[in-house]
Amino acid sequence: MPSLPLQSQLINLFAALLLLLAFAMLTQRRILSLIRLFAAQGFVLALSTLVVGYATEQPDLYISAGVTFVLKVVALPWFLHWLIRKLNVQWDIEAMINIPVQMLIGIVLVIFAFNLAAPISEIAGTITRSTLGIAMASILLSFLMMITRRKAVSQVIGFLAMENGLFFAATSATYGMPMVVELGILFDLLVASLIFGVFFLHIRETFESLDIHHLEKLKER
Amino acid sequence: MSQASAVVFQILQSVLVVLIAPLVLGWVNQCRAWLQNRSGPGIWQPYRVIKKLFHKDAVLAHNASPLFWATPYILFGCMWLAVGIVPVLATSLPFAPAADVIALVGLFALARVFISLAGMDIGTSFGTLGARREMMIGFLAEPAMLMTLFTASLISHSTSLVTIVDTLGHREFVIYPSMAFAAVAFVMVLLAENARIPIDNPATHLELTMIHEAMILEYSARHLALIEWAASLKLTAYITIGIALFVPWGIAQAGDWSGLLVSLGALVVKLALAGAGLAFLETVSAKMRIFRAPEFLGTAFLFATLGMLVHFLLEA
């Protein structure tokens, strides 16, 4: 096996860690550990962006790494912590499908994503090409988490984790989106989570629970 | 490398590991005690326990079959052989070609079969219960363990531990992302196989949830001493397999006397760190319900599988 330069090896390692964390989030039962894993994923994402920026000599990636770090490792986890304390829902996560089955579906998704990305990686010329499959796999895994969780908070964490995957996909496919787009998305994310937060408070006020199943019974009065 | 000095190395390693195995266990227990703000019994405690047990008279149940008293010896033999095969001090030992990683897992399985049979032999309900649970954990942990080892084998194109260590330790340094997955899976298997905390509590003798202790309740004196010793050997074997797979640097070639000192020093440092890490893991996690164990080990298996997939994606 021809050995790759150290930077690509590092990027590959971070990609693998990203996938590992995405998978770990899928198996997690507690919201608190879910948030911790989400913060860890953000940290790995920031590190990998930093390394890609260094390897391709694109200083603007340093900025997006910095913004990622501030937003996804510090701000959003802090906000989510505050939110679950406020809502008092630190413990259980209700899953629609039991966790072993979810993991099996997760494996199938990973295989699907790897195969889907393989032909694209073949023709790509970036140093990060082989990580595209991993990025897609983590998007799909987060998507699965969003679908299978019943509680609104874990769905939002799934949504945020999906954005992590998207961000990573953008970095690995094209060395990152234009700065304006990136900042726009990150800002959107921040606003979205704030709105979600307010929304949760209202859901709970109305139904005294965060189980979104109650929303199905919504009727006009 | 002469054959004679390789044999000397083999003997040296086997004897050394048998002697330090209780020390590893003592170190883990001591670290745990420190982390839990207790003063702890000291790292020599397992030796004292073993010595005390060897001085007692063995009591056998009336209905015990020969299998019951033969099991401790078989168990001890299996574990001793296992640590003889794993490259702990040096690679290319004379014993190493005897078994590759699959046979090594088989060796652990053999020990498990005997201890389970012995647990059921007397016919007490606790023994049977422990044996059943042990088999359940075992059949879930084994595939995860094998997948972990296969991930390492894929990289080095061999199932022989020596070749794996040579590939990972003695060549140019390369980061293998798949090994990150394998490492997580391996730690989970290690915890389950050695009756450590998320699956079983090693510090208990009277709990309905115990697994390992339930099987060996009927043993006393020298039999119990051998079983305890074998358990510490098993823990040491697993830790050294982990060291061989994930941090193999510093290991000597067999017959390389100058490398021996470095290898010994590296081994001591790695064992100390691994023991402290194990104690930390045990302290931060709570024991889970027995019916969560399949989920825990299923996760380990899937992580190992993911490791293989990642290997094909990133490293092939």
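Considering the range B:277-316 alone, what residues qualify as being among the β-branched types (Val, Ile, Thr) and either out of contact with any helix residue (DSSP H, G or I) (no Cβ under 7 Å at 6 or more places or on another chain) or facing chain A (nearest Cβ under 10 Å) (or both)? Let's see the steps before the verdict.
Step one: of the range B:277-316, the residues among the β-branched types (Val, Ile, Thr) are B:283-284, B:290, B:299, B:305, B:310.
Matches in the range B:277-316: B:Val284, B:Thr299, B:Thr305, B:Val310.
Can we say B:Gly265 is away from every other protein chain (no Cβ under 14 Å) and either of a type in the set (Asp, Glu) or over 22 Å from the mean Cα position of the chain (by Cα) (or both)? Even if it seems obvious, please write down each step before you answer.
Details: away from every other protein chain (no Cβ under 14 Å): yes; either of a type in the set (Asp, Glu) or over 22 Å from the mean Cα position of the chain (by Cα) (or both): no.
No.
B:Ile164: surrounded by 20 or more Cβ atoms within 10 Å (Cβ to Cβ), assigned to a loop (DSSP other than H, G, I, E, B) and hydrophobic (A, V, I, L, M, F, W, C), yes or no? Give the steps one after another, and end with the answer.
On the way: surrounded by 20 or more Cβ atoms within 10 Å (Cβ to Cβ): yes; assigned to a loop (DSSP other than H, G, I, E, B): no; hydrophobic (A, V, I, L, M, F, W, C): yes.
It is false that B:Ile164 is surrounded by 20 or more Cβ atoms within 10 Å (Cβ to Cβ), assigned to a loop (DSSP other than H, G, I, E, B) and hydrophobic (A, V, I, L, M, F, W, C).
If you go through the range B:250-258 one residue at a time, do you hit one that is aromatic (Phe, Trp, Tyr), crowded, with 18+ Cβ neighbours inside 10 Å and more than 11 Å from every other protein chain (Cβ to nearest Cβ)?
First pass over the range B:250-258, keeping only residues aromatic (Phe, Trp, Tyr): B:257.
Keeping just the survivors that are crowded, with 18+ Cβ neighbours inside 10 Å gives none.
Looking through the range B:250-258, none of the residues is aromatic (Phe, Trp, Tyr), crowded, with 18+ Cβ neighbours inside 10 Å and more than 11 Å from every other protein chain (Cβ to nearest Cβ).
Sort out which residues of the range B:133-161 are within 11 Å of chain A (Cβ to nearest Cβ) and not in a helix (DSSP H, G or I), and write them in order of number.
Across the range B:133-161, the qualifying residue is only B:His157.
Give me the residue from the range A:1-25 that is more than 8 Å from chain B (Cβ to nearest Cβ) and under 11 Å from the mean Cα position of the chain (by Cα) and, out of that set, farthest from A:Ala95 (Cα to Cα).
Among them, the one singled out is A:Leu18.
In contact (Cβ under 8 Å) with a residue 40 or more places away in the chain, farther than 23 Å from A:Ile185 by Cα, buried (at least 22 other Cβ atoms within 10 Å of the Cβ) and not β-branched (Val, Ile, Thr): is that true of A:Leu26 in this structure?
Working: in contact (Cβ under 8 Å) with a residue 40 or more places away in the chain: yes; farther than 23 Å from A:Ile185 by Cα: yes; buried (at least 22 other Cβ atoms within 10 Å of the Cβ): yes; not β-branched (Val, Ile, Thr): yes.
Considered against the rule, which asks whether it is in contact (Cβ under 8 Å) with a residue 40 or more places away in the chain, farther than 23 Å from A:Ile185 by Cα, buried (at least 22 other Cβ atoms within 10 Å of the Cβ) and not β-branched (Val, Ile, Thr), A:Leu26 comes out as yes.
Of the conditions (1) surrounded by fewer than 21 Cβ atoms within 10 Å (Cβ to Cβ); (2) assigned to a helix (DSSP H, G or I), B:His62 clears all except one; give me its number.
The number of the failed condition is (2).
Just checking: which of the helices (runs of 4 or more DSSP H) contained wholly in the range A:105-209 hold 1 or more residues that are more than 30 Å from B:Ala304 (Cβ to Cβ)? Don't jump to the end; show me each part of the working.
On the way: elements: A:132-148, A:152-174, A:179-207.
Because the criterion is at least 1 residues that are more than 30 Å from B:Ala304 (Cβ to Cβ), the helices (runs of 4 or more DSSP H) in the range A:105-209 that meet it are A:152-174, A:179-207.
Please verify whether the range B:172-180 includes one or more residues that are under 14 Å from the mean Cα position of the chain (by Cα) and not charged (D, E, K, R). Talk me through it step by step, then tell me what you get.
Narrowing the range B:172-180 to residues under 14 Å from the mean Cα position of the chain (by Cα): none.
Scanning the range B:172-180, I find no residue that is under 14 Å from the mean Cα position of the chain (by Cα) and not charged (D, E, K, R), so the answer is no.
Bear in mind these aren't lab numbers, they're just calculated from the coordinates by the rules spelled out. These numbers come from a predicted model, not from an experiment. Because the Cβ atoms are built from the backbone with ideal geometry, glycine has one as well, and the counts that use them run over all protein chains shown.
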